[in-house]
Amino acid sequence: MHGALAETVAIAVLVASLLAAVIRPFGLSEAVVAVPGALLVVASGILAVGDARHRLAEIGPTVAFLAAILVFGHLCAEARVFEYLGSLAAQLSAGRPRRLLMIVVGLASAVTAVLTLDATVVLLTPVIVATARRLGVPARPHLYACTRLANSASLLLPVSNLTNLLAFAASGLSFGRFAALMTLPWIVACVLEWVGLRLFFRRDVPAGSEPQPTTALPVPVYALCVLALTVAGFVLTSSLDVAPAWAALTGCLLLLVVRARRGDVSVRALVREASPGFCLFVLALAIIVDAVTQHGLGTALAHVVPSGAEFLALLGTAFVAAAMANLLNNLPATLALVPLVAGRPVLVLAVLLGVNVGPNLTYGGSLATLLWRRLLPNAEKPRARDFHLLGVLTVPLLLVMTSGALWCTAAILGM
């Protein structure tokens with residue numbers, strides 16, 4: 001199949017796959033439409049078998065890491081790491097809403113950077129809901145902090161977001177160099193998110209209240225030590241040109257040692273937490289996006305993506321990526337844009353600014369945001385008007401400021 005017909009079919013398959021992932025009819029996996037769609041574009045000749053095989057080999061290690069880090073986050077949760085962090089936040093805030101918001105922003109930023117945005121959305125958010133209710137403060141600003149920072153705070157490390165993992169190899173950067181370039185944009189994003197939330201929800205976070213005595217749960221020392229060692233393992237494996245999935249897998253095994261002694265390890269639960277359906281969705285989506293880019297989209301994007309490393313080029317790239325993320329979702333946006341800037345590290349990172357910060361503009365920009373919204377209790381469901389108004393007021397400024405921070409850092413490091 002070739003020409004306009006191939007382009008039309010490829011786009012239709014992409015749209016159907018994304019709609020199924022967003023809506024998930026009858027609770028079915030994201031892969032239900034995407035996998036048959038990927039098989040269709042290959043079987044019909046829209047994408048050559050060799051190209052599909054090459055794409056799967058290229059993205060396979062990234063998806064393996066995704067599965068391993070999801071299991072690792074689940075094991076950390078079962079070791080009560082997130083419950084401890086929630087109790088610590090309550091203790092440090094003493095029930096003061098403004099202080100609690102600042103702590104939650106910092107906590108969500110750290111969890112996102114180290115354990116990926118999925119951990120913040122799925123594991124930290126319920127703990128923050130419970131903490132706010134226990135302290136008798138409005139939960140809304142703190143819940144928004146979780147989803148906003150799940151996206152924006154995923155800039156720091158290659159392991160913080162699936163989009164980062166997809167772009168990491170194309171950037172040509174080491175783990176440490178990636179983190180060095182993204183540290184200032186990450187700090188700028190986190191601070192501006194806190195300021196935006198603080199102003200937007202000023203009525204929900206009054207200046208003061210009576211301090212409330214709280215106690216933190218026992219420190220999960222072993223789990224926190226394993227967490228620290230695993231993060232160090234990410235840096236080490238990167239320097240040795242070894243897939244970071246091995247570091248995540250080692251962390252899982254270290255946490256499972258204690259569980260195995262108690263005899264309460266469930267293989268079925270571990271497989272479920274690895275989210276095989278979502279992993280298959282990512283693999284299939286990579287094939288589908290390749291088919292779309294080979295039949296028109298890639299050429300169109302090549303004409304609008306800036307070149308060079310000056311500030312306006314970085315800003316333009318970030319805005320193009322953000323627009324793509326909100327139109328198509330950040331995963332296909334990353335898969336489509338990264339090949340166009342491969343080998344140009346600063347432009348690859350500018351794409352990540354757009355696909356990580358940009359999705360805070362709309363519900364559909366990030367699958368993590370959709371998951372966050374779906375998991376919230378009915379009483380805490382966000383109002384679409386508030387969510388999108390906050391996005392309109394903050395995302396453009398965030399893109400400008402983080403692009404400026406990236407440009408400054410690249411100039412300092414001589415890139």
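The values are calculated or read from the model by the stated rules, or taken from the named source; none is laboratory data. Remember, predicted model here, so these are calculated numbers, not experimental data. Virtual Cβ from ideal backbone geometry, glycine too; neighbours counted across all protein chains shown. Keep in mind that these areas ignore ligands, DNA and RNA; they rest on the heavy atoms of the full protein, side chains included. Shrake-Rupley method; radii C 1.70, N 1.55, O 1.52, S 1.80 Å.
Would you be able to tell me the number of residues in region 86-114 that are assigned to a loop (DSSP other than H, G, I, E, B) and either surrounded by 18 or more Cβ atoms within 10 Å (Cβ to Cβ) or among the aromatic types (Phe, Trp, Tyr) (or both)?
Residues meeting the conditions: 2.
In the set Val226, Val257, which member is out of contact with any helix residue (DSSP H, G or I) (no Cβ under 7 Å at 6 or more places or on another chain) and either part of a helix (DSSP H, G or I) or free of Cβ contacts under 8 Å to residues at least 12 places away in the same chain (or both)?
Val257
When you go through (1) more than 28 Å from Gly404 (Cα to Cα); (2) buried (at least 18 other Cβ atoms within 10 Å of the Cβ) one by one for Val265, which number turns out not to apply?
So the condition that Val265 fails would be (2).
For region 270-345, please list each of the helices (runs of 4 or more DSSP H) lying entirely inside it that holds at least 2 residues being closer than 17 Å to Ala20 by Cα and touching a residue at least 24 places away in the same chain (Cβ under 8 Å).
276-292, 311-328, 330-341
Answer yes if at least one residue in region 34-55 is assigned to a helix (DSSP H, G or I), closer than 20 Å to Ala325 by Cβ, among the aliphatic types (A, V, I, L, M) and modelled with pLDDT under 90, and no otherwise.
no
Kindly indicate the residue of region 281-328 that is at pLDDT below 85 and closer than 22 Å to Met415 by Cα and also most open to solvent (accessible area, probe 1.4 Å) among those meeting that condition.
Ser307
Can you tell me which of Leu166, Leu124 is assigned to a helix (DSSP H, G or I), closer than 24 Å to Ser238 by Cα and over 11 Å from the mean Cα position of the chain (by Cα)?
Of Leu166, Leu124, the one residue that is assigned to a helix (DSSP H, G or I), closer than 24 Å to Ser238 by Cα and over 11 Å from the mean Cα position of the chain (by Cα) is Leu166.
Of all residues in region 27-85 being of a type in the set (S, T, N, Q) and surrounded by fewer than 22 Cβ atoms within 10 Å (Cβ to Cβ), which is nearest to Ala130 (Cα to Cα)?
Ser29
Restricting to region 156-201, give me the number of residues that are under 30 Å from Arg140 (Cα atoms), open to solvent by 10 Å² or more (accessible area, probe 1.4 Å) and either among the charged types (D, E, K, R) or without any contact (Cβ under 8 Å) to a residue 40 or more places away in the chain (or both).
4
I'm trying to understand the selection: among the residues of region 187-202, which are under 22 Å from Asn161 (Cα atoms) and touching a Ser or Thr at 6+ places or on another chain (Cβ under 8 Å)?
Val188, Ala189, Cys190, Leu192, Glu193
Give me the residue from region 385-396 that is over 21 Å from the mean Cα position of the chain (by Cα) and open to solvent by 20 Å² or more (accessible area, probe 1.4 Å) and, out of that set, farthest from Leu192 (Cα to Cα).
Residue satisfying both the conditions and the ranking: Arg385.
Would you be able to say whether some residue in region 140-149 is among the polar types (S, T, N, Q) and in contact (Cβ under 8 Å) with a residue 60 or more places away in the chain?
Within region 140-149, one or more residues are among the polar types (S, T, N, Q) and in contact (Cβ under 8 Å) with a residue 60 or more places away in the chain.
Are any of the residues in region 131-147 modelled with pLDDT of 85 or more and under 30 Å from Arg262 (Cα atoms)?
Within region 131-147, one or more residues are modelled with pLDDT of 85 or more and under 30 Å from Arg262 (Cα atoms).
Would you point out which residue out of Gly60, Gly45 is out of contact with any Asp or Glu (no Cβ under 8 Å at 6 or more places or on another chain) and over 21 Å from Phe281 (Cβ atoms)?
Result of the check over Gly60, Gly45: Gly45.
What pairs come out if I take residues in region 1-22 that are within 11 Å of Gly296 (Cα to Cα) and pair them with residues that are at pLDDT below 85 whose C-beta lies under 6 Å away, six or more apart or interchain?
Every condition considered, the pairs that remain are Ala6/His295; Glu7/His295; Glu7/Gly296; Ala10/His295.
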